[in-house]
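The values are calculated or read from the model by the stated rules, or taken from the named source; none is laboratory data. Quick caveat: nothing in here was measured; it's all calculated off a predicted structure. When we count neighbours, we look across all protein chains shown, and the Cβ atoms used for this are built from the backbone with ideal geometry, even at glycine. In case anyone asks, the SASA skips ligands and DNA or RNA and just uses the protein heavy atoms, side chains included. Shrake-Rupley method; radii C 1.70, N 1.55, O 1.52, S 1.80 Å.
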Amino acid sequence: MTTDSKNRPIGVFDSGIGGLTVYKALREALPQEDFIYLGDTARLPYGTKSHETVAAYALQAAQLLLEHDIKLLVVACNTASAQALPELRRAFPDLPCLGVIEPGADAAVAASHSGRIAVLATEGTARSGAYVEAIQRRSSAVEVQVLACNLLVALVEEGWCDGAEAEVILRRYLHRLEEGFDTLVLGCTHFPILAPMLRKIVSPSISIIDSAVTAAQAVREYLQSFGQLAPSSQVGSCHFLVTDGPERFERVARLFLNEDIAGKITQVYLRQR
Ligand code: DGL
């Protein structure tokens with residue numbers, strides 16, 4: 001990175017809408033930065049797709065964001081972070097790429113006293129073993145269980161996050177976890193929206209780790225350490241790129257951001273570039 005790159009935007013990539021939880025946390029941590037958010041809404045969900053497919057999609061997304069002159073790529077999607085970061089770093093060695101798994105693992109290990117951590121994720125993230133590997137790299141004695149909770153993504157996009165349906169479904173998933181964990185990682189972009197309901201259900205002694213917030217802190221620290229934060233006097237902006245359904249994106253984005261982003265969304269097409 002050169003000093004001039006300070007004012008370039010941060011690229012944020014997700015399979016669709018859920019990455020807005022990460023964007024929201026980023027904007028709170030870095031209000032002076034410009035962001036370009038790319039949601040691959042035409043091809044979501046990534047959570048049920050193969051490693052090869054997710055990696056190929058992520059490479060196309062990064063290439064498109066590079067055309068917007070980004071200074072850093074945040075892979076907001078847990079599934080893409082779990083499955084595509086090595087490929088991204090190999091393909092774009094000059095582009096810093098930060099995912100959400102490593103910061104989540106840091107926070108989980110720091111929070112756990114019992115050494116038993118549970119992670120809620122998509123099927124693809126669970127299958128990849130990325131959270132287990134990242135957590136045990138930090139502390140090999142920690143026991144990690146990862147539960148795929150595919151239904152929760154649809155539940156959040158439907159806006160059913162605080163009622164009886166959400167409670168029943170969450171309880172049913174949580175029953176599948178072995179008891180004894182003291183730290184619960186929300187290992188999917190959508191799950192921070194369910195945090196208030198989860199807080200009501202699980203024991204108050206359990207720490208809930210929001211991987212969106214921990215990722216935003218990691219991005220801030222990274223930019224700071226390289227002297228690449230935009231000047232704090234600036235007020236940042238965001239533009240949203242989606243590969244399908246800008247109207248749906250705008251509607252569901254309200255659930256995630258509590259704000260109207262009409263007029264800031266452009267439809268784009270991803271392909272092998
Ligand atoms: N963004 C995905 C993740 O965080 C969830 C949605 C999907 O499956 O595409 O894993």
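If each residue of separation counts as 0.36 nm, what is the full-extension length gain between GLU259 and LEU147 once their alpha-carbon separation is subtracted? List each step's numbers first, then the result.
Details: separation 112, 0.36 × 112 = 40.32 nm, distance 3.15 nm.
Extending this stretch completely gives an extra 37.2 nm.
So for the chain, averaging the separation of alpha carbon pairs under 8 Å that are six or more residues apart and normalising by length, what relative contact order in percent results?
Values: 531 pairs, mean separation 74.3, N = 273.
Computed value for the chain: 27 percent relative contact order.
Ordered by packing density, taken as the mean number of other Cβ atoms within 10 Å over each peptide's residues, highest first, how do 127-138, 19-30 rank?
19-30, 127-138
Can you figure out the FRET efficiency of SER140 with ILE201, using R₀ = 25 Å and their beta-carbon distance, to the nearest 0.05?
Numbers: r = 30 Å, r/R0 = 1.21.
For SER140 and ILE201, the calculated efficiency is 0.25.
So, by mean Cβ neighbours within 10 angstrom, what's the order for 234-246, 172-184, 60-72 with the highest one leading? Numbers along the way, then the final one.
Working: 234-246: 17.8, 172-184: 14.9, 60-72: 19.4.
Top of the packing list down: 60-72, 234-246, 172-184.
Could you provide, to the nearest whole Å², the per residue accessible area of the range 1-137 with probe 1.4 Å?
Numbers: 4680 Å² over 137 residues.
In whole numbers, the range 1-137 has 34 Å² accessible per residue.
Hey, with R₀ at 30 Å, roughly what FRET efficiency would ASP69 and SER225 work out to, going by the Cβ-Cβ distance, to 0.05?
On the way: r = 21 Å, r/R0 = 0.72.
Efficiency at R0 = 30 Å is approximately 0.90.
Which whole-number percent is the relative contact order of the range 79-178 (Cα, under 8 Å, 6+ apart)? It would help to have the intermediate numbers written out before the result.
Details: 100 pairs, mean separation 25.5, N = 100.
Answer for the range 79-178 is 25 percent.
Just PHE226, PHE191, PHE92 to compare: in a GNM of the chain, with alpha carbon springs under 10 Å, which one fluctuates most?
Most flexible of the set in this elastic network: PHE226.
If you average the sequence gap of Cα pairs under 8 Å that are 6 or more apart and divide by the length of the range 1-134, what percent do you get for the contact order?
On the way: 189 pairs, mean separation 36.6, N = 134.
After rounding, I find 27 percent.
From the cross-link list LYS200/LYS264; LYS24/LYS200; LYS49/LYS264, which pairs have alpha carbons spaced over 27 Å apart? Intermediate results must be reported in sequence, preceding the final value.
Numbers: LYS200/LYS264 35 Å; LYS24/LYS200 23 Å; LYS49/LYS264 29 Å.
Beyond 27 Å: LYS200/LYS264; LYS49/LYS264.
Using a 1.4 Å probe on the protein heavy atoms, what percent of the accessible area of the chain belongs to carbon and sulfur?
Details: 5990 of 11860 Å².
Ligands and nucleic acids excluded, carbon and sulfur reach 51 percent.
Among 212-224, 141-153, how do they line up by average Cβ neighbours within 10 Å per residue, starting with the highest? It would help to have the intermediate numbers written out before the result.
On the way: 212-224: 20.4, 141-153: 18.5.
Final packing ranking: 212-224, 141-153.
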